[in-house]
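Readers should treat all values here as calculations from the given coordinates under stated rules, not as data from a laboratory. The structure displayed is predicted, hence computed values, not measured ones. Because the Cβ atoms are built from the backbone with ideal geometry, glycine has one as well, and the counts that use them run over all protein chains shown.
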Amino acid sequence: MAELEILNSPKKLMVGHISIPHYNTNMLSLSHGLTGAFIAAQLPSPILYGPLALASHYLEDWIPHWDVGTGLSTGKRTRLAAIFMGIIDLGIAFLAIKFFWGSPALANFHIWLGAFVGLLPDFLEAPKNFLHWEPKVLNPTNKFHEKFHHSIPSFIGIVPQLILWTVIFFLK
């Protein structure tokens, strides 16, 4: 089995002897939203599902992945393109939650709260990523969040997310 090691400088993901560059960006909103909604659908109280949905965000960001922000830090993607793709990503997340849980999902406050909490770290980091503006109060939270990001600059990074979506679909 290949050993997984994250090096700090330069930013490289080492899988065995293969070096893959990675960037600090977020997993797709679809993944975080579905995971948060799934956790909320399984547990009876926000006191239980809230912390788990939040923790799942960091765990998912730790897994090497691709997302709409990949390429922003290198100039391969413009902020406008990333914002546009991010809005589409959120829209797809909304539709997927509706599809996965059916029409009652629209009325189920807990499913939507779980999805929101699952996405919360990305919402807090959005001004920094897209507007190059970060309120000082969010700096510690965003620095903590950055420690978990392991994005890879190709669509191969969508594979872990496809697996996640499939598992959630069949377990829901």
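Of the peptides 87-99, 54-66, the order by per-residue mean of other Cβ atoms within 10 Å, starting with the highest, comes out as 54-66, 87-99. A Förster radius of 30 Å, combined with the Cβ-Cβ distance separating residue 47 from residue 123, puts the computed FRET efficiency at roughly 0.90. The fewest-to-most ranking of 78, 141 by surrounding Cβ atoms within 10 Å reads 78, 141. What residues from segment 122-161 fall in the zone where the backbone N is under 20 Å from a label point 7 Å along the Cα-to-C-beta line of residue 74? Under 20 Å, as judged by backbone N against the label point of residue 74, lie 129-130, 146-161 of segment 122-161.
Sorting 119, 131 by the number of Cβ atoms found within 10 Å of their own Cβ, with the fewest placed first, yields 131, 119. Projecting label points 7 angstrom from Cα along Cα→Cβ for residue 132 and residue 83 puts them 1.3 nm apart.
Please report 136, 128, 147 as a ranked list, fewest other C-beta atoms within 10 angstrom at the top and most at the bottom. Please list the in-between numbers first.
Values: 136 6, 128 16, 147 12.
Exposure proxy ranking, most exposed first: 136, 147, 128.
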